[in-house]
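**Q** This is the structure, below, for whatever I ask next.
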Amino acid sequence: IEEQNLQEGTIGIAGPFTYRDQTKLMNALPKANFVDVSDILNDARTIKSDEEIALIDRANHIFDAAVQRIHETAKPGMLGGEVVQIGYQAMWDAGGDMGSAIGFNFGMDPAQNPVLGEICHNLKIQEGDIGTLTGYSKYYHYAGHSDQEIVFGDPKPRHLKMFEGVKMVREKVLAEVRTGTTQRAVIDTYQAACKDSGYLSSAHSQI
C-alpha cells in the first residue's frame, strides 16, 4: 500500500475481518478510508460465465464418479474409512483437484453429520444400513457439492416413501427456479412442498 502511495486512499475490505485486524489496519493507515465491499465481491462470484458454469458442472460429475465406484465396490463388512478412500481415489481418477473431499455417514437410520462421519470411519457397514455420501468435489478450484443416499440391501418401505417425497419436492422447486424468482420464493416453495409430502424441511434450504 505504501509502495503504491495509497495510504490516504479508499481501501475495500471483504469477508470476515477480526476486530484486531481492523484495528491494526486503521492504526497503520490512519488517513485511509476503509469501505466494506463484501457485497461487490459476492455479486462477482454469483454471476458466472458459461466457462465457469462448465467447470462447476465438471466438478459435480467428479463426485458422480465417486458415487458410481462406491456403488460398484462398497459392501457390508467394509469399514467406512475404506469407502471414503475409494471415493477419494475415484474423484482423483476423474480429474478432480487434490483438495476434493468426501464424507460418509451410515447406519440403520439415514443421517448426515460430520462428527458421525468421523466415527463411521472405524465402523463396519451392516446389511440394511443407509449411507449418505457428501461430496465436496473440486475441478480447477471450482466446487461441486452434493449428497447421495446408498442402501446396502433392499430399502425399507418407509425409505421408498421418503424417496418419492423427495422427487415430488424436487419437481415443485425446479418449477419455481426461473429468471426473476427470488431466493425467498424458492425457499417458500420448498418448505410448502415438504409440508405437502408429510416430511420436515431442512435448515439447508437457506442455500
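The values are calculated or read from the model by the stated rules, or taken from the named source; none is laboratory data. Remember, predicted model here, so these are calculated numbers, not experimental data. Quick reminder, even Gly has a Cβ in these numbers, built from the backbone with ideal geometry, and neighbours come from all protein chains shown. What goes into the accessible areas is simple: the full protein's heavy atoms, side chains included, and nothing from ligands, DNA or RNA. Shrake-Rupley method; radii C 1.70, N 1.55, O 1.52, S 1.80 Å.
**Q** Against the empirical 2.2 N^0.38 Å scaling, what ratio does the C-alpha Rg of the chain come to? List each step's numbers first, then the result.
**A** On the way: Rg = 22.3 Å, N = 207, 2.2 N^0.38 = 16.7 Å.
Scaled against compact globular proteins, the figure is 1.34.
**Q** Another question, then. What net charge is computed for the residues neighbouring Val67, neighbours being all others with C-beta under 14 Å from the C-beta of Val67, Lys and Arg scored +1, Asp and Glu -1? Could the numbers behind the result be given before it?
**A** Working: positive: Arg69; negative: Asp64, Glu72, Asp93, Asp147, Glu149.
Around Val67, the charge tally is -4.
**Q** What distance in nm separates the two pseudo spin-label positions at Gln112 and Asp196, each 7 Å out from Cα along the beta-carbon direction?
**A** 2.2
**Q** Hey, another quick one. Dividing the alpha-carbon radius of gyration of the range 31-146 by 2.2 N^0.38 Å (N being the number of residues), what value is obtained?
**A** On the way: Rg = 17.9 Å, N = 116, 2.2 N^0.38 = 13.4 Å.
So the range 31-146 has a normalised radius of gyration of 1.33.
**Q** Then there is this: Have a look at the DSSP beta bridges in the range 124-176 and tell me what percent are antiparallel, nearest 5. Walk me through the numbers on the way to the answer.
**A** Numbers: 10 of 10 bridges.
About 100 percent, rounded to the nearest 5.
**Q** Pull up all non-local amide H partners of Ile11: gap of 5 or more, or a different chain, and H-to-H distance under 5 Å with H placed in the peptide plane.
**A** Asn33, Phe34, Val35
**Q** Just grab the label-to-label distance for Arg178 and Leu41, each label 7 Å out from Cα along the Cβ direction, in nm (one decimal).
**A** Taking the simple label geometry, Arg178 and Leu41 are separated by 3.6 nm.
**Q** Okay, moving on. Just to be sure I understand the model, the point goes 7 Å from the Cα along the line to the Cβ. What's the resulting Asp50 to Gln89 distance in nm?
**A** 3.9
**Q** Now a separate question. Counting only trypsin sites (Lys or Arg not before Pro) that are in a DSSP loop and have at most 10 other C-beta atoms within 10 Å, tell me the longest site-free stretch of the chain.
**A** Details: sites that count: Lys31, Arg178.
The segment 32-177 is the longest one with no such site.
**Q** Between Ala28, Ala44, Ala111, find the one with the highest GNM mean-square fluctuation for the chain; connect C-alpha pairs within less than 10 Å.
**A** Ala28
**Q** Could you work out how much longer the chain between Arg170 and Gln4 gets when fully extended? Use 0.36 nm per residue separation minus the Cα distance between them, nm to one decimal. Kindly include the intermediate steps, with their values, before the conclusion.
**A** Values: separation 166, 0.36 × 166 = 59.76 nm, distance 5.20 nm.
Contour length minus Cα-Cα distance gives 54.6 nm.
**Q** Could I ask something else about it? Just how much of Asp188 is accessible, in Å², when a 1.4 Å probe is used and the result is rounded to the nearest 10?
**A** The accessible area of Asp188 comes to roughly 70 Å².
**Q** Just to be sure I understand: of the beta bridges DSSP finds with both ends in the chain, what percent are antiparallel, rounded to 5? All intermediate terms of the calculation are to be shown ahead of the outcome.
**A** Numbers: 18 of 22 bridges.
Within the chain, antiparallel bridges account for around 80 percent of the total.
**Q** Filter the cross-link list Lys75/Lys156; Lys24/Lys138; Lys75/Lys172; Lys124/Lys156; Lys75/Lys138 down to pairs whose alpha-carbon distance in this structure exceeds 23 Å. All intermediate terms of the calculation are to be shown ahead of the outcome.
**A** Numbers: Lys75/Lys156 18 Å; Lys24/Lys138 35 Å; Lys75/Lys172 34 Å; Lys124/Lys156 20 Å; Lys75/Lys138 26 Å.
Violating the 23 Å Cα-Cα cut-off are Lys24/Lys138; Lys75/Lys172; Lys75/Lys138.
**Q** Could you compute how much accessible surface Val173 exposes when probed at 1.4 Å, giving the result in Å² to the nearest 10?
**A** 30
**Q** Using each residue's phi in the range 101-118, evaluate 6.51 cos²θ - 1.76 cosθ + 1.60 at θ = phi - 60° and report the 3J(HN,Hα) Karplus result to the nearest Hz, with x for Gly and Pro.
**A** 9, 8, x, 9, 10, 8, x, 5, 10, x, 7, 9, 7, x, 5, 4, x, 5
**Q** Between the alpha-carbon centers of the range 174-207 and the range 93-130, tell me the distance in whole angstrom.
**A** With the range 174-207 and the range 93-130 each reduced to a Cα centre, they are spaced 27 Å.
**Q** Can you give me the span-like helices of the chain, meaning DSSP H runs with 15 Å or more of Cα extent along the axis and Kyte-Doolittle mean at or above 0.0?
**A** Values: long enough: 50-73 (35 Å, -0.34); 80-93 (20 Å, -0.06); 157-176 (29 Å, -0.39); 183-197 (21 Å, -0.57).
The qualifying helices: there are none.
**Q** Also: Quick one: grab the alpha carbon gyration tensor of the range 92-207, order the square roots of its eigenvalues as a ≥ b ≥ c, and give me rounded if a/c is under 1.5, else prolate or oblate depending on whether a/b is larger than b/c. Numbers along the way, then the final one.
**A** Numbers: a/c = 2.27, a/b = 1.20, b/c = 1.90.
It comes out oblate by the Cα gyration axes.
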